[in-house]
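In what follows, a structure is listed as structure tokens, so that the remarks can point back to it.
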Amino acid sequence: MPTAIVGDNASDAVRQACQSLNRERTRGLLAIAQQTPPGESIPADVWTTAFESAAREWEVPPIRLSHLGIVRDSDGFLVSNSLRALPPGAEAQPYADDATRVVYKLFDLRENGSLGKKLVFNDSEDGFEVDVADATWIDVLEKISLLNSGGGLPTEIVGLSDSGDFLIAKQPMASPWMDFLADREVAEDRMCGILPIGGGLRQRVFVTWVDDVFWLVGDLHDRNIMRDSAGVPAIIDALAGKVTPKARKRLFWLNRACEDAKSFRENGSKPQNPMWEVCDDQL
């Protein structure tokens with residue numbers, strides 16, 4: 001099947017190719033989900049028939065894990081003799097292919113439709129706060145496209161496993177960060193991210209503007225920041241959530257961050273704002 005990632009190359013050309021494939025495959029996966037939601041507990045023969053029919057129609061081929069060198073052992077756990085299992089995250093189990101210098105990520109689709117977490121604005125009596133909520137597999141599709149198109153490490157949506165219980169993505173192999181705080185700042189700038197100032201948020205998040213949508217991006221711990229093949233820091237994974245119009249209207253500091261993020265994306269340079277140099281605790 002067509003692929004944009006054939007090694008650890010993380011160039012803009014690879015990113016653009018991923019963007020095109022992601023758009024096509026997301027369209028097909030959403031169409032498949034309308035017929036038979038992935039991860040839903042249904043008879044295997046019903047799923048297989050519905051999935052294969054929709055997959056042919058939308059040109060989203062079902063992926064056999066065994067073709068990736070991944071099988072289940074006698075206890076039902078995924079194992080591989082050809083791929084190197086990396087430490088799992090909250091959403092996915094990554095496998096490195098050292099021969100081709102790529103990493104496959106298997107997102108486990110739960111029977112209740114949930115798949116990891118996302119960021120949301122919680123409107124309480126004490127005001128707005130960024131919280132974490134259950135994400136759906138559609139949220140994950142959007143996040144993958146956000147990270148790829150927005151300036152994170154190029155990420156390709158491969159498809160669904162033929163059993164219907166894994167969403168599969170692919171990234172170029174990356175290397176560890178060298179100076180975490182400095183590398184994180186560079187990685188945030190690559191996504192044209194703006195840190196909101198003045199909101200007193202309990203966690204570090206940035207605002208970015210991608211495909212005419214404002215996003216909050218967070219959970220940038222030391223395992224989500226790495227360096228691509230050119231040695232440039234990049235975000236390989238994160239939690240994300242859309243900025244709601246209500247939040248923008250009520251929170252001037254958030255609206256200002258959105259405006260600056262849009263300017264950053266359109267002009268290619270971070271707007272000069274002296275407020276960035278002020279500690280949030282002093283505001």
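The values are calculated or read from the model by the stated rules, or taken from the named source; none is laboratory data. Not measured: the values here are computed from a predicted model. No Cβ is skipped: glycine too gets one built from the backbone with ideal geometry, and neighbour counts run over all protein chains shown. What goes into the accessible areas is simple: the full protein's heavy atoms, side chains included, and nothing from ligands, DNA or RNA. Shrake-Rupley method; radii C 1.70, N 1.55, O 1.52, S 1.80 Å.
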### Query
Volume per residue, Å³, of the convex hull around the alpha-carbon atoms of the chain?
145 Å³
### Task
Using only C-alpha atoms and all pairs of different ones, pull out the Kirkwood radius for the stretch 134-283 in Å with one decimal.
16.2 Å
### Heavy-atom accessible area ranking, 1.4 Å probe, most first, across Met178, Met191, Met1
Met178, Met1, Met191
### Query
In the chain, what percent of the accessible surface is made up of carbon and sulfur (1.4 Å probe, ligands and nucleic acids excluded)?
50 percent
### Query
Among Pro233, Phe264, Gly76, whose Cα lies farthest out toward the positive end of the dipole of the chain, if unit charges sit on the beta carbon of Lys, Arg (+1) and Asp, Glu (-1)?
Phe264
### Query
Between the stretch 87-105 and the stretch 213-259, how many Å separate their Cα centres?
23 Å
## Note on the structure
In degrees, nearest 10, the alpha-carbon axis of helix 252-267 is tilted away from the dominant principal axis of the alpha carbons of the chain by 70 degrees
### Summary
In degrees, nearest 10, the alpha-carbon axis of helix 44-58 is tilted away from the dominant principal axis of the alpha carbons of the chain by 70 degrees
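Return one whole number: the accessible area per residue of the stretch 90-207 in Å², for a 1.4 Å probe. Let's see the in-between values first.
Values: 4490 Å² over 118 residues.
I get 38 Å² per residue for this part.
Dipole size in debye (nearest 20) for the chain around its Cα centre, Lys and Arg Cβ +1, Asp and Glu Cβ -1? Working shown, then result.
Working: 30 positive and 43 negative charges, 102 e Å.
Charge dipole, the chain, about its Cα centre: 500 debye, nearest 20.
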## Note on the structure
Taking a ≥ b ≥ c as the square roots of the Cα gyration tensor eigenvalues, with a/c under 1.5 meaning rounded and otherwise prolate when a/b beats b/c or oblate if not, the stretch 68-109 comes out oblate
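Mean 1/r over all different Cα pairs, inverted: what Kirkwood radius does the stretch 117-201 give, in Å?
15.6 Å
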### 0 to 90° range, to nearest 10: angle between helix 12-35 axis and the chain longest Cα axis
60 degrees
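Of Trp177, Trp253, which has the most accessible area and how do the rest follow, probe 1.4 Å? Display every interim value, and only then the final one.
Details: Trp177 90, Trp253 20 Å².
So, going from the largest accessible area down, we get Trp177, Trp253.
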### Task
Return the subset of Lys143/Lys270; Lys143/Lys262; Lys105/Lys249; Lys249/Lys270; Lys170/Lys249; Lys105/Lys246 for which the Cα-Cα distance in this structure is over 27 Å, preserving the input order.
Lys105/Lys249; Lys170/Lys249; Lys105/Lys246
### Query
Which value, in debye to the nearest 20, describes the size of the charge dipole of the stretch 167-244 about its Cα centre when Lys and Arg Cβ atoms bear +1, Asp and Glu Cβ atoms bear -1, and nothing else is charged?
180 debye
### Task
Would you be so kind as to identify which of Asn255, Ala187, Ile157 lies farthest towards the positive end of the dipole of the chain, taking Lys and Arg as +1 and Asp and Glu as -1 on Cβ and the Cα centre as origin?
Asn255
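Please return the longest stretch of the chain lacking exposed loop sites, where GluC sites (Glu not before Pro) count only if DSSP places them in a loop and at most 14 other Cβ atoms lie within 10 Å.
Working: sites that count: Glu59, Glu111, Glu125.
The segment 126-283 is the longest one with no such site.
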### Message
Within the chain, which is the longest segment that contains none of the trypsin sites (Lys or Arg not before Pro) sitting in a DSSP loop with at most 12 other Cβ atoms within 10 Å?
### Response
65-201
